[in-house]
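Taking it in order: structure first as structure tokens, then the write-up.
The values are calculated or read from the model by the stated rules, or taken from the named source; none is laboratory data. In this text, all values refer to a predicted model and were calculated from it rather than measured experimentally. For neighbour counting, all protein chains shown are included, and Cβ atoms are generated from backbone atoms with ideal geometry for every residue, glycine included. With ligands, DNA and RNA removed, areas are computed over all heavy atoms of the protein, side chains included. Shrake-Rupley method; radii C 1.70, N 1.55, O 1.52, S 1.80 Å.
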Amino acid sequence: MPNNSTIAALVGLIGFTLLIFGIWPGIDLAVSGYFHGASLPGASGFAIRQNAWVEGLRNGLWDGTLLMPLLALILLVLALWRKTSGWLWGYILALFLIGPGLIVNAGFKAYWGRARPSNVIDFGGTAHFSPAWQISDQCAKNCSFVSGEGAGATAFTIAVLLILLRYRHRLSHPLYRLGQSLAVLSLGFVAWQRVASGGHFLSDVLLSILLISLIAAVLARLMLNQATSSR
């Protein structure tokens, strides 16, 4: 269970990440540039975006991310109706609503104004590049900072890991470990795909993962500890 040290460490990591990308904002352009057509012989633009297999897996994971809070809501309602413990489903639902929903998509992405890599002049677009820490006017809606899919994938991974932990006694050890590995690998894939396809800068993805992890840790302190102690 996350403690105050975990929360403090995540806050520190967010600050450190902002500091690094604030001092060297060119890291974002360099990493995105690696995946741009200029560095891939025979390719144009962000070639990964044109890969049907990668896009198919991305869309499948995104569908799973969208279904997770709906599943949590249904199971929470069933738990309340049956008068059984629904703390896990309530936690997962709250994590998705507050993290990817309210803070990321309705907050940062709606008002930060950072243009996506594929839209900046450096990669053939018309918008100007802005560092991660700087509020900009280069994007009107659904902007780059922070990554919505990165946030959703992080919440999804945390949810899957918690579900696996909750029902660990029903799973064989190899199946439990496989589930954990696939959950973490899915997050890694989404993070890579968002950068490689020109959808987000590296800082957008890293900060979305850290931000949702922080929200998850705070919610765990508020909800899961209380639920555990009341049993």
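Could you please let me know if Leu162 is out of contact with any Ser or Thr (no Cβ under 7 Å at 6 or more places or on another chain), under 16 Å from Gly33 (Cα atoms) and open to solvent by less than 60 Å² (accessible area, probe 1.4 Å)?
Criteria not met by Leu162.
Every residue in the stretch 120-150 that is among the β-branched types (Val, Ile, Thr), open to solvent by 10 Å² or more (accessible area, probe 1.4 Å) and in contact with a helix residue (DSSP H, G or I) (Cβ under 8 Å, 6 or more places away or on another chain), please.
Thr126, Ile135, listed by residue number.
May I ask you to verify whether Leu185 is loosely packed, with under 14 Cβ neighbours inside 10 Å and within 25 Å of Gln50 (Cβ to Cβ)?
yes
Of all residues in the stretch 106-123, which are free of Cβ contacts under 8 Å to residues at least 60 places away in the same chain, assigned to a helix (DSSP H, G or I) and over 19 Å from Gln193 (Cα atoms)?
Ala106, Gly107, Phe108, Ala110, Tyr111, Ile121
Look at Thr17 and say whether it is in contact (Cβ under 8 Å) with a residue 60 or more places away in the chain, open to solvent by less than 30 Å² (accessible area, probe 1.4 Å), hydroxyl-bearing (Ser, Thr, Tyr) and touching a Phe, Trp or Tyr at 6+ places or on another chain (Cβ under 6 Å).
No.
Among (1) part of a helix (DSSP H, G or I); (2) of a type outside the set (S, T, N, Q); (3) at pLDDT below 95; (4) closer than 22 Å to Ile158 by Cβ, there is one condition Leu70 misses while meeting the rest; what is its number?
(3)
Looking only at the stretch 72-96, how many residues end up being surrounded by fewer than 16 Cβ atoms within 10 Å (Cβ to Cβ) and on the phi < 0 side of the Ramachandran plot?
Qualifying residue count for the region: 8.
When the residues of the stretch 166-182 are narrowed to those that are of a type in the set (Gly, Ala, Ser) and in a helix (DSSP H, G or I), which ends up least open to solvent (accessible area, probe 1.4 Å)?
Here the answer is Gly179.
In a helix (DSSP H, G or I) and touching a residue at least 40 places away in the same chain (Cβ under 8 Å), is that true of Phe129?
Against the criterion (in a helix (DSSP H, G or I) and touching a residue at least 40 places away in the same chain (Cβ under 8 Å)), Phe129 does not qualify.
Checking the structure you have, find out if any residue of the stretch 100-115 is in contact with a Cys (Cβ under 9 Å, 6 or more places away or on another chain), within 20 Å of Phe21 (Cα to Cα) and of a type in the set (D, E, K, R).
yes
All but one of (1) among the charged types (D, E, K, R); (2) farther than 20 Å from Trp24 by Cα; (3) open to solvent by 40 Å² or more (accessible area, probe 1.4 Å) hold for Arg194, so report the exception by its number.
It fails just one condition, (3).
With Ser85, Ser44 as the choices, which residue is in contact with a helix residue (DSSP H, G or I) (Cβ under 6 Å, 6 or more places away or on another chain), of a type outside the set (Phe, Trp, Tyr), modelled with pLDDT under 90 and not in a helix (DSSP H, G or I)?
Ser44
How many of the residues making up the stretch 64-79 are without any contact (Cβ under 8 Å) to a residue 60 or more places away in the chain and among the small types (Gly, Ala, Ser)?
The total comes to 1.
Residues in the stretch 204-213: is at least one out of contact with any Ser or Thr (no Cβ under 8 Å at 6 or more places or on another chain), at pLDDT 95 or above, of a type in the set (A, V, I, L, M) and surrounded by 14 or more Cβ atoms within 10 Å (Cβ to Cβ)?
yes
With respect to the numbered conditions (1) surrounded by fewer than 19 Cβ atoms within 10 Å (Cβ to Cβ); (2) assigned to a helix (DSSP H, G or I); (3) of a type in the set (A, V, I, L, M), which one is the sole condition not fulfilled by Ala153?
Failed condition: (1).
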